1. Kindly provide log₁₀ I(q)/I(0) values, in the same order as q = 0.04, 0.05, 0.07 Å⁻¹, from the Debye equation applied to equal alpha-carbon scatterers of the protein assembly as shown.
2. I'd like the distance between the alpha-carbon centres of region C:1-80 and region D:155-214, rounded to an integer number of Å.
3. Arranged by the count of other C-beta atoms within 10 angstrom, fewest first, what order do B:VAL73, A:VAL46, C:VAL252 take?
4. Once the label point is set 7 Å along the Cα-to-beta-carbon vector, what list of distances in nm do you get between B:PRO212 and its counterparts in the other copies?
5. Once the label point is placed 7 Å from Cα along Cβ, list for D:ALA234 the distances to the corresponding points in the other copies, in nm, shortest first.
6. Would you list B:LYS169, C:LYS18, A:LYS103 from fewest to most Cβ contacts within 10 Å?
7. Over the Cα atoms of region B:145-303, what is the Rg over Rh ratio if Rh follows Kirkwood?
8. So in the protein assembly as shown, what percent of DSSP beta bridges are antiparallel if you round to the nearest 5?
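Taken together, the values in this text are just the output of simple stated rules run on the coordinates, not laboratory data. Just so it is clear, the structure is predicted and the values come from calculations on it, not from any experiment. Reconstructed Cβ throughout: ideal geometry from the backbone, glycine too, with neighbour counts over all protein chains shown.
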There are 4 protein chains.
Amino acid sequence: MRVAFLGLGSMGRAIAAKLLRADHNVVVWNRSAGPIEALCSAGATVAPSPTGLFDGDAVISMLSDDVAVRAVVMQEGFLPREGARAVHVNMATVSPGLTRELKAIHDTCGVSYVSAPVFGRAEIAAAGRLHILAAGPASAIDKVQPLFDAMGQRTWRLGEDPAQASIVKIAGNFIVSCAIEAISEAVALVRGNGVIASDFVEILTGTIFDTPIFRTYGRLVAAQDFVPAGFRLALGLKDVRLMLSAGDASAVPLPFASVLRDVFLEAVAAGDAELDWSAVSRVAARRAGLHSDVLDKKTVVSS
Amino acid sequence: MRVAFLGLGSMGRAIAAKLLRADHNVVVWNRSAGPIEALCSAGATVAPSPTGLFDGDAVISMLSDDVAVRAVVMQEGFLPREGARAVHVNMATVSPGLTRELKAIHDTCGVSYVSAPVFGRAEIAAAGRLHILAAGPASAIDKVQPLFDAMGQRTWRLGEDPAQASIVKIAGNFIVSCAIEAISEAVALVRGNGVIASDFVEILTGTIFDTPIFRTYGRLVAAQDFVPAGFRLALGLKDVRLMLSAGDASAVPLPFASVLRDVFLEAVAAGDAELDWSAVSRVAARRAGLHSDVLDKKTVVSS
Amino acid sequence: MRVAFLGLGSMGRAIAAKLLRADHNVVVWNRSAGPIEALCSAGATVAPSPTGLFDGDAVISMLSDDVAVRAVVMQEGFLPREGARAVHVNMATVSPGLTRELKAIHDTCGVSYVSAPVFGRAEIAAAGRLHILAAGPASAIDKVQPLFDAMGQRTWRLGEDPAQASIVKIAGNFIVSCAIEAISEAVALVRGNGVIASDFVEILTGTIFDTPIFRTYGRLVAAQDFVPAGFRLALGLKDVRLMLSAGDASAVPLPFASVLRDVFLEAVAAGDAELDWSAVSRVAARRAGLHSDVLDKKTVVSS
Amino acid sequence: MRVAFLGLGSMGRAIAAKLLRADHNVVVWNRSAGPIEALCSAGATVAPSPTGLFDGDAVISMLSDDVAVRAVVMQEGFLPREGARAVHVNMATVSPGLTRELKAIHDTCGVSYVSAPVFGRAEIAAAGRLHILAAGPASAIDKVQPLFDAMGQRTWRLGEDPAQASIVKIAGNFIVSCAIEAISEAVALVRGNGVIASDFVEILTGTIFDTPIFRTYGRLVAAQDFVPAGFRLALGLKDVRLMLSAGDASAVPLPFASVLRDVFLEAVAAGDAELDWSAVSRVAARRAGLHSDVLDKKTVVSS
């Protein structure tokens, strides 16, 4: 298929590379030139601007946030005036509100709009193991399904309303944030009572929480291993904001999300925005007067 | 080994039965007579009172809370005055504060005290698959290890200080409560935006949260299946109180635990104390004005 | 002085009337025609549109929120291209972010911009007893001081940066919201323990909280007297959002504001958006399982 | 009247001195000897122990907390076995739960029990300006009214149930704590946006919060003037605990009290337990990354 691809951050690069490897014809555009070269040597061609890309089968955008998506999509010339065969697949995590706006604008232009955020980080994308949450016109999703098959292990079809894919993505990310905060508070409590953090995490993940998310974040929190960031704390705060704003728009109180907001802001105020988002655990430790730079040796044994 | 066993709630019964099946010699005592009969027909003998039980190899207590433990252990005649060969293994989830008190009293009497709370519900105990968190004198734990082997899949040895086993157990339960609340808020948000709860849970547990705890509680929350209670909401509140009181005693702020406290109290005020603790999800739904009695049909498909 | 006045809600009407009574020359504009007539019979003239108003001494705008202000100010023709003698005095409570944007735009056009939100409700404005929080160029504030003198009891000059007046106004409103929530929780507690709400409020305001805000809101909460709204709950939520967004922009965690957000959203979900904002007290009562429609007879006596 | 007085902390001393000045006959007892001497030179006599004090008209106790009250009242010999003419007036702020226990024990012994906590700090007591919240048998309150008249400006009679006086006192203190936290968050926000703290407080207390509590705590927070403590932060935490425990016992969720708990614990973890309780404002400042040791010069002017 002929695909135009916008947004070559770590996720976008990995996905575009999978499409090329699956022999799709990929035209790329990105605000900075760096990421483009590697993809060109893998067979991509370059678009000079993000306008006029709708003459292939699909336009895929993987931009960083509401502001970036709005800037690109709403600029003159991005959407064709007379409709297009190409489906626009937006894979960014954006607000349900913006998703609704985008759907309306695409409807006006006669372009099919599919919201398709994903679960999985860059290394998962590189392995073609993403979970894709797709919502939009069934025929449009059918059409781009070969692209989804090239990049993900599974596509979850959530119906015709693109906003619902955004909501599910945001709510899923929220639960991950909650897991990190829960681990952080629990670790602060056990450390404040003389238990070694890594012992506690080993017990947790060896018993009731034997699962990748708890293994990953438990280890990062216990080892205080926040650099390089797998997912930046500043982006974690962005996702908390999306959750709160979705709750606000639909009158759903979210007390855990409210706590997360204040914890993430405190981490940003402490200068940790560029660390891995598991660094929010430093907030719970600092509040309890624990010196977060002390690492202790593991002592637990099990039989 | 010769074992005296106190506290025949659902957990105590299951554990005592495993000990009998492993050919240990078990004397039981319980406040109500009912549970005793079944164990007697399985080979247990009956103690007329909880006093004078320390002439065997171990006394195991599995009572419901601080108040019950305090009432039994501190009564005249429970602890021998002249020391004893028998180790006291307390498997209840009690506060670190009470644990420290109990250790001091046992030290005075010359009795070894082991704190050994467990991860696992009654059906896990019946299968001999508990995880046991043991802390106390190493020689005492060595001595009762055959009993732990009969009832659990693994024993985690947490050192000499019995309070540390209590802390780890309380912190682990806290993370489970957080998972339930996180699911509840996420479900309220997606429902408030038109997504079917069971679809959302299916996606979550099919992707990033493919783990027993999220499968179990996700299903209960989506299906609003709160009777019979696997674990009563009132006991969940008890555990939240233990978490907060441990945080208070060690000056560790716990904002998620504070949110949980208010959510559990609201559930109790609404009359849901005897439901399964996943019924706290009704709080998030009600706050959002969602009718929690409406169940929707699943619609998501994946490929 | 010659003044153009935009925004004739209850506050705008009261202020414009005071200016007329002080013999200022007032041109009014409003989206709906209703409020205009009364002011015309008091001597105002009518502008056909909000463009081209900068040929007098001042333009005063008292619009409802960021969206309304943005819509009027940023439309073609509102701001003169070649600068103007008239000062723009924005009396609305808007976000510091929008205030900074507006200042920049006015600077570009060569128009002096003064931010001047007020403390006081419509009846206070009608009495000319407002407190005015003014920030902007000193010479511009000097120029419009006669207008402030006509409408308020006191002008507080907060320096050159208009955003600081917005911040102080937002932070002040936040403290009022906190007082309402504190009263609401306290009343729920005492009612849950058999104390009559109005007795409690009488004691509070007869002892340590003998102050108008506690008298006003204590009475409304105890009497559950929410109609007509002195200040609509929906506007209270707007102010909480302004507080949170100001905190977000400057990395200041605000846990009380986060609680307020969830309480106000719950009130909106319950259908109370158009009641007086003291109706958030119904949230605390409902969470505690108290029937908020039961009013009790006062019983306390003092000597 | 003949009065026995127990508990000579700063409040107790001031009240006992007022009783002596009003020519009552006062016997004092205290755990430490220091405060006794000054009162003896003012005419008091000394009791050798807190037992056997019920042969006069009243026994007044002003002890620090639940633990101290329990220790004194429940010791052998404090309450007479055969009833007594003397009324026991407990002026300490204790939990409603303990109050109910105490009432039951006094009933058994045939002694009248009046709960009479007060609003007012030591300097208010010294001026005889306390507000007294009295609940208990009407005849018993009638009897001790001359004592209340000697120490307070007003007695608020709350009916026959002593627990209700405790509840009202606890709920009142809670609102004061909320005011301090609200000021603290507002000050953090305005400081984070370049507004001088003392300017903000001057505006607040010159406009909508012109009241002693806001003047006092606004000044302390802005000036960071926490030594000596007018009321110790550790005691503030004690009161927050009483509020939460009263809410727990009656199933009343209290989200503001939950926030206060975590803020006070964080202050204690930071080593501020012995400062004035307005030092909890350092928590909001630190979370926002503000250096709380920088004091700024006032700049606001008003006209």
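1. Taken in order of the listed q values, log10 I(q)/I(0) reads -0.26, -0.41, -0.79.
2. 38 Å
3. Details: B:VAL73 22, A:VAL46 13, C:VAL252 30.
Ascending number of Cβ neighbours within 10 Å: A:VAL46, B:VAL73, C:VAL252.
4. Here B:PRO212 shows inter-copy label distances of 2.1, 6.1, 6.3 nm.
5. From this label point to the equivalent ones elsewhere in the assembly: 3.7, 4.4, 5.2 nm.
6. Details: B:LYS169 26, C:LYS18 19, A:LYS103 22.
Sorted ascending by nearby Cβ count, the order is C:LYS18, A:LYS103, B:LYS169.
7. Numbers: Rg = 17.5 Å, Rh = 17.1 Å.
Using Cα coordinates only, the ratio equals 1.03.
8. Values: 24 of 116 bridges.
Among the beta bridges of the protein assembly as shown, antiparallel pairing accounts for roughly 20 percent.
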